[in-house]
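Q: Quick one: structure below, then a few questions.
The values are calculated or read from the model by the stated rules, or taken from the named source; none is laboratory data. A quick note: this is a predicted structure, and the numbers were derived from the prediction, not measured. Quick reminder, even Gly has a Cβ in these numbers, built from the backbone with ideal geometry, and neighbours come from all protein chains shown. Surface areas here come from the heavy atoms of the whole protein model, side chains and all, with no ligands, DNA or RNA. Shrake-Rupley method; radii C 1.70, N 1.55, O 1.52, S 1.80 Å.
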Amino acid sequence: QIFNQHNAETSNLEQVFHRMAQMEPNLDHDVSWFLLPSYWAKMVVALISFLCFANSYDGDFVFDDSEAIINNKDLRAETPLGDLWYHDFWGSKLSSNTSHKSYRPLTVLTFRMNYLFAGGFYPVGFHVINIILHCTISVLMVDVFSILLGGLQFSNKGRRLNLAPKSSLLAALLFAVHPVHTECVAGLVGRADLLCALFFLLSFLGYCKAFRENKEGHTFSVFWVLVSVVLGAIAMLCKEQGITILGLNAVFDALVINKINLLELIRKLLYKDKSLENAGLLRKGLLLRITLLMCGGAGILYIRWRIMGTGPPAFTEVDNPASFADSLFVRAINYNYYYSLNAWLLLCPWWLCFDWSMGCIPLIKSVSDWRIIALAALWFCLIGLICQALCSEDSHKRRILTLGLGFLIIPFLPASNLFFRVGFVVAERVIYLPSIGYCILFTYGFSLLSKQAKKKKMLAVAVLGILLINVMRCALRSSQWRSEEQLFRSALSVCPLNAKVHYNVGKNLADKGNQSAAIKYYREAVRLNPKYVHAMNNLGNILKERNELHEAEELLSLAVQIQPDFAAAWMNLGIVQNSLRRFEEAEQSYWTAIKHRKKYPDCYYNLGRLYADLNRHIDALNAWRNATVLKPEHSLAWNNMIILLDNTGNLAQAEAVGREALELIPNDHSLMFSLANVLGKSQKYK
């Protein structure tokens, strides 16, 4: 009985504490929305986020998935695990000049685990993990938004109180169903953004735990601050944006834990006010915590710099044309236009595209361009929000707006071109984390409208309508990401000026054997971008197969003139020249290809065919042997060696080569047939 009475008193104390906390300004007072217990709120968010992207579970490997997963040797068991720490996201050595320096070893490790557990490249397992990750992140967002929108308060038992259950549920739903997240969830390469976001949020929640026993504001847990730094490092090892959580933790500490008025602090710093000592910076340990965050961040960046090397990533003008502009004015104005496009994708995520490069967004070269209006609108809104965040007399408003802007802007900084050149114009995946800030600002705006609106239920219905439209848009966009054909064709209406879109549609058609349609799209890609060497190479290949040799030669010659180290184009040019019986030029083209790509088995194979046509049998055998050394499963090279040795009467050698080949490729019918012919001539009939 005494025990029950004690429990009842404790419960009453928690309720009193919760009511006292709610007496402070709170978004939920004005928000007309559903109030659910925390457990049910998380269940609803998990279910809805699952429904948005569930239809992507049986999708194919599309677009960049081929390079990051299928062609990435780091996923295979024969590659030592240690190599992951010295290779980039695509499996290239970080020290290589061609490396993009995207260092994400933990993401590659999860791909490797997917591959090993599934026993091969089966996309279902990869997609299921992505969907689960997004659902988990969306559930965590309920807790994160409850802190960002309602503040950080603990009961006398040390339990964190959710002071904004309605607002946090709305913001988490907005995040869960945002269509701009489709690329991260339905595209397997987006695993990097999902893992980064997961540890990003865990780092933030870990930092909040540092203040769990902080009843008077004088003590905090150094352990949880260090845990937060470690989780931030893990986030960065999944994707580069993860490091920004350390800066956001510092901003949160200053605004929420120490309740610093930034404008007042700036004034005191400018006028060297002596009362600065009483501002709480030393009393609450803020300087110590920020020092720990800064030292941790600097250490993480130094280690990464040592692993990555000092060389910048290798990007071309087509990847990010604005960054190659000579004029500082042109660069600045286009960067700001890109920012406005990212903001628009958050506000109205209707026009989505897998790739925004190669002429999709033409450069702004003068102030007479009407697109300048977008820049003006962006900065008008940002300056207005910043002024309100700094100058408002309402401390609650200042805190929410500053946190919203912080989560919107800080995670976007690595993709902003301000510190280094990035390899894209606009990328939907990089606004996965900044969308947290958008959801905070949207929810705060909704609370202000609810406060003023007379018909609050109508406003709530309108927001429900937005959520429903976003769910439908997510489902539609997820279905487009299920196959390359649907994905590439969906981009034609969004970015008709993007040469890469036409190139990818053409490549997809060519892979399916529809050469006539593929030629049309390849020609359009070359028309839109006259320096698009890959489109020229593929178009030249198709024309070569259709025996349109002279046009094929013109295209391939132009491709190697534009990019002299384009090994594939040199090899294809050699094939065309061989067909035109210009053997010396063909041989020179083959050797140029090999010079630029030392390990090129297909080129050695074609070189061997040239030598065979010229009756240079020893050279032909040597070339084919090189091909099989570089690629032991090169069936055509093995077969040609057997046939040539057979035709020249070297039956014993032909038999030895045939048996060697079948040991490596035991089920190859063409090798069996050629070897059978040799054995028959050797009277080994059985």
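Q: May I ask you to compute the full-extension gain from S221 to N650, defined as 0.36 nm times their residue separation minus their alpha-carbon distance, rounded to one decimal in nm?
A: So the extension gain works out to 146.4 nm.
Q: Let me ask something else about it. Between helix 499-511 and the chain, what is the angle of the helix's C-alpha long axis to the longest principal axis, kept within 0 to 90° and rounded to the nearest 10?
A: Helix 499-511 sits roughly 50 degrees off the main axis of the chain.
Q: Calculate the FRET efficiency for I386 and L270 from the Cβ-Cβ distance with a Förster distance of 22 Å, rounded to the nearest 0.05.
A: The value I calculate is 0.80.
Q: Can you list residues whose amide H is under 5 Å from Q153's amide H, if they're 5+ apart or on another chain and H is modeled 1.01 Å from N?
A: Amide H neighbours of Q153: L161.
Q: Right, here's the next one. How big is the range 382-476 along each principal axis, measuring the range of its Cα positions in Å and listing the largest first?
A: Result for the range 382-476: principal-axis Cα extents of 49, 43, 15 Å.
Q: In addition: Given contacts defined as C-alpha pairs under 8 Å and at least six residues apart, what's the relative contact order of the range 78-146, whole-number percent?
A: 18
Q: Could you pull out the pairs from K544/K595; K166/K457; K365/K507 whose alpha carbons sit more than 26 Å apart here?
A: Long pairs (Cα-Cα over 26 Å): K365/K507.
Q: Would you mind calculating the relative contact order of the chain from Cα pairs under 8 angstrom and at least 6 residues apart, reporting the percent as a whole number?
A: 12
Q: Could you tell me the relative contact order of the range 530-682? Use alpha-carbon pairs under 8 Å, at least six residues apart, and round to a whole percent.
A: This gives 13 percent for the range 530-682.
Q: Let me ask another. Between rounded, prolate and oblate, where does the range 37-308 land on the alpha carbon gyration tensor, with a ≥ b ≥ c its root eigenvalues, rounded for a/c under 1.5, else prolate if a/b exceeds b/c?
A: Cα axes put the range 37-308 in the oblate bin.
Q: Could you order peptides 235-245, 332-342, 422-432 by the average number of other Cβ atoms within 10 Å of their residues, highest first?
A: Values: 235-245: 26.3, 332-342: 20.0, 422-432: 22.0.
Ranked from most to least packed, the peptides come out as 235-245, 422-432, 332-342.
Q: What are the radius of gyration and Dmax of the chain, computed over its Cα atoms and given in Å?
A: Just the Cα atoms of the chain yield Rg and Dmax of 30.6, 105 Å.
Q: Of L448, A325, I409, which is farthest along the charge dipole of the range 324-478 in the positive direction, counting Lys and Arg as +1 and Asp and Glu as -1 at C-beta?
A: Farthest towards the positive end: L448.
Q: Which order, highest average first, do 43-50, 166-173, 538-545, 320-327 follow once you tally other Cβ atoms within 10 Å for each residue and take the mean per peptide?
A: Most protected by this proxy first, the peptides run 166-173, 538-545, 43-50, 320-327.
Q: Here are some pairs, K259/K397; K239/K500; K73/K631; K598/K631; which of them have Cα atoms lying more than 18 Å apart in this structure?
A: With Cα atoms farther than 18 Å apart: K239/K500.
Q: By average Cβ neighbour count within 10 Å, what is the ranking of 75-83, 348-356, 156-164 from highest down?
A: 348-356, 156-164, 75-83
Q: Helix 617-630 sits at what angle to the longest principal axis of the chain, using alpha carbons and giving 0 to 90 degrees rounded to 10?
A: In the chain, helix 617-630 runs at an angle near 20 degrees to the longest axis.
Q: Further question on the same structure: So what is the accessible area of the range 324-478 per residue, in Å², with the probe set to 1.4 Å?
A: In whole numbers, the range 324-478 has 48 Å² accessible per residue.
Q: From the helices alone, meaning DSSP H stretches of at least four residues, give me the mean residue ellipticity at 222 nm for the chain, per-run term -39500 (n - 2.57), in deg cm²/dmol to the nearest 500. Present the calculation step by step, with values, prior to reporting the outcome.
A: Values: 28 runs with 431 residues, N = 686.
Only helices count here, giving -20500 deg cm²/dmol.
Q: For the range 37-308, what is the accessible area per residue in Å², given a 1.4 Å probe and the full set of protein chains?
A: Value for the range 37-308: 42 Å² per residue.
Q: Return the whole-Å distance between the Cα centroid of the range 70-112 and the Cα centroid of the range 524-560.
A: With the range 70-112 and the range 524-560 each reduced to a Cα centre, they are spaced 32 Å.
Q: Something else now. Expressed as an acute angle from 0 to 90° and rounded to the nearest 10, what is the orientation of the C-alpha long axis of helix 456-480 relative to the principal long axis of the chain?
A: 20
Q: Which three lengths, in whole Å and largest first, does the range 535-622 cover when its Cα atoms are put on their principal axes?
A: On the principal axes, the range 535-622 reaches 35, 27, 17 Å in Cα extent.
Q: Distance in nm between label sites at K259 and S516, each 7 Å beyond Cα in the beta-carbon direction?
A: Between K259 and S516, the simple spin-label model gives 7.6 nm.
Q: Ok, one more. Over the range 314-413, one equal point on each Cα, no solvent: what is log10 I(q)/I(0) by the Debye formula at q = 0.21 Å⁻¹?
A: For the requested q values the scattering log ratios are -1.17.
Q: With every protein chain kept in place and ligands, DNA and RNA left out, what is the accessible area per residue of the range 561-686? Probe 1.4 Å, answer in Å².
A: 55
Q: Fully extended, how many nm does the chain gain between L580 and R159 (0.36 nm per residue separation, minus their Cα-Cα distance)?
A: Between L580 and R159, full extension yields an extra 143.6 nm.
Q: In whole percent, how big is the carbon plus sulfur part of the accessible area of the chain, probe 1.4 Å, protein atoms only? Intermediate results must be reported in sequence, preceding the final value.
A: On the way: 20170 of 33010 Å².
It is 61 percent, rounded to a whole number.
Q: For the range 324-478, build the charge dipole from Cβ charges (+1 Lys, Arg; -1 Asp, Glu) around the Cα centre, then report which of W344, S395, A374 sits farthest towards its positive end.
A: My answer, from the dipole projection, is S395.
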